Ligand code: AN0
Ligand code: CP
């Protein structure tokens, strides 16, 4: 595997889930694979889970790890070509990428959507330069529009906890005080569409996800109706994807707290498991009692980030 950006990069999901189960059972099975190899993890913004789980995954495989927080201790990087660099940015990505690549064998990149320019975000301006100019396998640790390591961990979690062959999985929008990217719901929708589940998305009007990710997934605008009989409730906020009205891209269109997942919402499900990628704002996205309930999977879901990252790094090492 040379890139890990979308669900197609991982190949058949059944096989990926088998590898995940094997690694979960025996985490150090492939610890010789990364010997004398180095992975560089580059963060353009904050992270708790991705930062820790990817380092742990790398160590499972015997890899050396270098972590670079671009905004703390490195030169400020210009990412656009053709800019007269007379501002506060001292170095261009076009030099920084090959320099960074010379010290490693694999590169993980975490970038964030600007949420002002839809075209720039969906073109993945930063991540695509790493793919093009590093000469190294590149994996997304969340980009402007996708978070595949999260979606893979979510799929592993659903596979572990499902109580029927084809569970009903509902992705529900929930309110949040700040505008957030569509990366997590985009990837979750993409992976659920590829998996063997009954998948439904619910959100207020105007929050339609890009069909590039959501395909022809079923959308039910009535949240309670969507949640009926659900086996898994996956809550997430996202800002307007600008699909129906490009001018609204990145905006908050709705603050309606009736979308917050509480016990009344969970009561119409089939005793569903609650999921969220974290970090989560309690009593905005989900109430204390739901996230603390025995049906909440947020902690095992986060723990599975180590497993999804180990499978992805293993696949990349096998192909070096
Ligand atoms: C980020 C987001 O919504 O994309 C990261 C989630 C993994 N969340 C926040 O910035 C709160
Ligand atoms: N879920 C997730 O990616 O969390 P972090 O932003 O803390 O890495």
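The values are calculated or read from the model by the stated rules, or taken from the named source; none is laboratory data. Not measured: the values here are computed from a predicted model. Don't worry about glycine lacking a Cβ; one is built from the backbone with ideal geometry, like all the others, and counts go over all protein chains shown.
Please go through the stretch 240-281 and give me each residue that is out of contact with any helix residue (DSSP H, G or I) (no Cβ under 6 Å at 6 or more places or on another chain) and within 16 Å of ligand 2 (Cβ to nearest atom), ordered by number.
Answer for the stretch 240-281, where residues must be out of contact with any helix residue (DSSP H, G or I) (no Cβ under 6 Å at 6 or more places or on another chain) and within 16 Å of ligand 2 (Cβ to nearest atom): 279, 280, 281.
List the number of the failed condition for residue 121; all other conditions in (1) within 16 Å of ligand 1 (Cβ to nearest atom); (2) closer than 30 Å to residue 299 by Cβ hold.
For residue 121, the failing item is (2).
What about residue 226, is it at pLDDT 95 or above and touching a helix residue (DSSP H, G or I) at 6+ places or on another chain (Cβ under 6 Å)? Before the answer, list the steps.
Details: at pLDDT 95 or above: yes; touching a helix residue (DSSP H, G or I) at 6+ places or on another chain (Cβ under 6 Å): no.
In short, no.
Here is a list: 82, 62, 73. Which entry is farther than 27 Å from residue 184 by Cβ and surrounded by 16 or more Cβ atoms within 10 Å (Cβ to Cβ)? Step through it out loud before you land on a result.
Values: 82 fails: surrounded by 16 or more Cβ atoms within 10 Å (Cβ to Cβ); 73 fails: surrounded by 16 or more Cβ atoms within 10 Å (Cβ to Cβ).
Every option except 62 fails the conditions.
Go through (1) away from ligand 1 (no atom under 14 Å from the Cβ); (2) surrounded by 13 or more Cβ atoms within 10 Å (Cβ to Cβ); (3) in a loop (DSSP other than H, G, I, E, B) one by one and return the number of the condition residue 291 breaks.
(3)
Only helices (runs of 4 or more DSSP H) wholly contained in the stretch 50-140 count here; list those with 1 or more residues that are within 16 Å of ligand 2 (Cβ to nearest atom), touching a strand residue (DSSP E or B) at 6+ places or on another chain (Cβ under 6 Å) and at pLDDT 95 or above. It would help to see each step written out before you state the result.
Details: elements: 93-101, 118-122, 125-133.
Helices (runs of 4 or more DSSP H) meeting the threshold: 125-133.
Name every residue in the stretch 173-188 that is buried (at least 24 other Cβ atoms within 10 Å of the Cβ) and outside any loop (DSSP other than H, G, I, E, B), in order of residue number.
Listed by number, the residues that qualify are 183, 185, 186, 187, 188.
How many residues does the stretch 250-269 hold that are crowded, with 16+ Cβ neighbours inside 10 Å and in a helix (DSSP H, G or I)?
3
Yes/no matrix, rows are residues, columns are (1) more than 16 Å from ligand 2 (Cβ to nearest atom); (2) part of a loop (DSSP other than H, G, I, E, B); (3) buried (at least 21 other Cβ atoms within 10 Å of the Cβ); (4) in contact (Cβ under 8 Å) with a residue 12 or more places away in the chain:
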{"position": "196", "(1), (2), (3), (4)": "yes, yes, no, yes"}
{"position": "199", "(1), (2), (3), (4)": "yes, no, yes, yes"}
{"position": "209", "(1), (2), (3), (4)": "yes, yes, yes, yes"}
{"position": "229", "(1), (2), (3), (4)": "yes, yes, no, yes"}
